[in-house]
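This report refers to the structure that appears directly beneath it.
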Amino acid sequence: MSQTVTTLAQQTSPLARFNGASEAQATALLSPCVALAHWTAALVQGRPYASCDELLNKADALARGWSREDLDAALSAHPRIGEKARGESKEAALSRSEQAAVNAQDILLADALAAGNAAYETRFGRVFLIRASGRSGEEILSELSRRMENEAEQEAAEALDQLRQITLLRLEGVLHP
Ligand code: 2AL
């Protein structure tokens, strides 16, 4: 009997587990995606979802409504590019895997990113945010240079869109581990 229960639990999809979880458990599943409690709460309240696409579409629609305040609040879960996230939290583990391309022992790249990050922070007053998955270190550096030329409003919009992309990728990872 207990073996049957175990087997059934293993066969349950992540979406079914999210739909059936307690509010606290469902919140804990989504929290590492982005440090915005209102986004997490709205998705938890919207359960049950008939499909992963339904959940992803709602998550995306909500993320497209994020404000400048949301951007500042969410940056706490995104260490600087090239500064390897420390710690045991799920966010830190996700960040380390997203930033795999810039965590290599490439000292020139690390120096260039550190200088670029510092210049960006002086110019815009917050950490440079970019979806690192799927990008090489050189691509990240060249995006940093390009975005340094943005006006403040355009840059906030770009950073918010990067935050949305990172969040959606993390959510896909929750649904399709
Ligand atoms: C990050 C991060 O931790 N993961 C990612 O894709 N981008 N950080 C950042 N400052 O852009």
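The values are calculated or read from the model by the stated rules, or taken from the named source; none is laboratory data. These numbers come from a predicted model, not from an experiment. Using ideal geometry, Cβ is built from the backbone for each residue, glycine included, and neighbour counts are taken over all protein chains shown. In case anyone asks, the SASA skips ligands and DNA or RNA and just uses the protein heavy atoms, side chains included. Shrake-Rupley method; radii C 1.70, N 1.55, O 1.52, S 1.80 Å.
When you restrict to C-alpha pairs under 8 Å that are six or more residues apart and normalise by the size of the chain, the relative contact order lands at 25 percent.
For the stretch 29-121, a Kirkwood hydrodynamic radius built from all Cα pairs, placed in the Stokes-Einstein relation at 25 °C and 0.890 mPa s, yields a translational diffusion coefficient of 161 µm²/s. When all alpha carbon pairs of the chain are counted in 10 Å bins from zero, the resulting P(r) reads 9, 35, 32, 16, 6, 2, 0 %. Helix 137-148: angle to the longest alpha-carbon principal axis of the chain, degrees 0 to 90, nearest 10? Approximately 70 degrees, to the nearest ten. Using a probe of 1.4 angstrom and keeping all protein chains present, the accessible surface of the stretch 28-109 works out to 55 square angstrom per residue. Return the FRET efficiency for the residue pair S136, D72: r is the Cβ-Cβ distance, R0 is 30 Å, and the value is rounded to the nearest 0.05. In this case the efficiency is close to 0.60. Here the accessible area of the chain is 54 percent carbon and sulfur, with a 1.4 angstrom probe and all protein chains present. Against the chain, whose longest principal axis comes from its Cα atoms, helix 107-124 is set at around 90 degrees.
Helical runs (DSSP H, four residues minimum) scored at -39500 (n - 2.57) apiece and divided by the length of the chain put the mean residue ellipticity at 222 nm at -20000 deg cm²/dmol.
Here's the picture: charge each Lys and Arg Cβ at +1 and each Asp and Glu Cβ at -1 in the stretch 2-175, and of L109, A159, L43 the one pushed furthest to the positive end of that dipole is L43.
What angle, in degrees between 0 and 90 and rounded to the nearest 10, separates the Cα long axis of helix 2-11 from the longest principal axis of the Cα atoms of the chain? It is inclined by approximately 40 degrees.
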